[in-house]
Amino acid sequence: MIQATITADLSGDTEPRRDARVEASADLALRPLGTTAVEARLINISSLGFMAATDAQIAPGARVRVALPGNERVNALVIWARGGRLGGEFATPIDPLQVLHAIGSTPG
């Protein structure tokens, strides 16, 4: 007989991340490859990815070009999309501090 106790994880982090994300708020343009750019609002960012809010319907698996403040346009892959938000993974890591500096924000 096996005896075990299941306890809740109270760490508060329900989704492990490879890199910490920081809150950020800035307008940006997302351009799914082969289409025109759409408006979006940056919610958070890390060196490996971002979350944005948009009214556009962009499906997971879509490749997009992201115009981030303080950076050249960067390529990303949409990992998830639901409820007017999406999460993307950059093709190449970026320096999120450049973005935060460009929007006048500091990591908190």
- Selection from the stretch 58-86 of residues in a loop (DSSP other than H, G, I, E, B), under 13 Å from the mean Cα position of the chain (by Cα) and surrounded by 14 or more Cβ atoms within 10 Å (Cβ to Cβ) yields 68
- Note on the structure: Expected single match for surrounded by fewer than 15 Cβ atoms within 10 Å (Cβ to Cβ) and either at pLDDT 95 or above or aromatic (Phe, Trp, Tyr) (or both) among 55, 19, 13 is 55
- Message: Given (1) at pLDDT 95 or above; (2) in contact with a strand residue (DSSP E or B) (Cβ under 8 Å, 6 or more places away or on another chain), identify the lone condition not met by residue 108.
- Response: (1)
- Task: Evaluate the stretch 25-33: report whether one residue or more is in a strand (DSSP E or B) and touching a Ser or Thr at 6+ places or on another chain (Cβ under 6 Å).
- Result: no
- Task: Hey, can you tell me all the residues within the stretch 38-64 that are under 10 Å from residue 85 (Cβ atoms) and hydroxyl-bearing (Ser, Thr, Tyr)?
- Result: 54
- Members of the stretch 32-43 found to be touching a residue at least 24 places away in the same chain (Cβ under 8 Å) and surrounded by fewer than 16 Cβ atoms within 10 Å (Cβ to Cβ), listed by number: 33
- Item | Cβ pairs under 9 Å, 6+ apart, first in the stretch 67-84 and at positive phi, second surrounded by 14 or more Cβ atoms within 10 Å (Cβ to Cβ) and β-branched (Val, Ile, Thr) | 70/99; 70/103; 84/54
- What is the residue count in the stretch 50-108 for residues that are hydrophobic (A, V, I, L, M, F, W, C) and in contact with a Ser or Thr (Cβ under 8 Å, 6 or more places away or on another chain)? 6
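The values are calculated or read from the model by the stated rules, or taken from the named source; none is laboratory data. Note that this is a predicted model, so its numbers are computed, not measured. All Cβ positions, glycine included, derive from the backbone under ideal geometry; neighbour counts span all protein chains shown.
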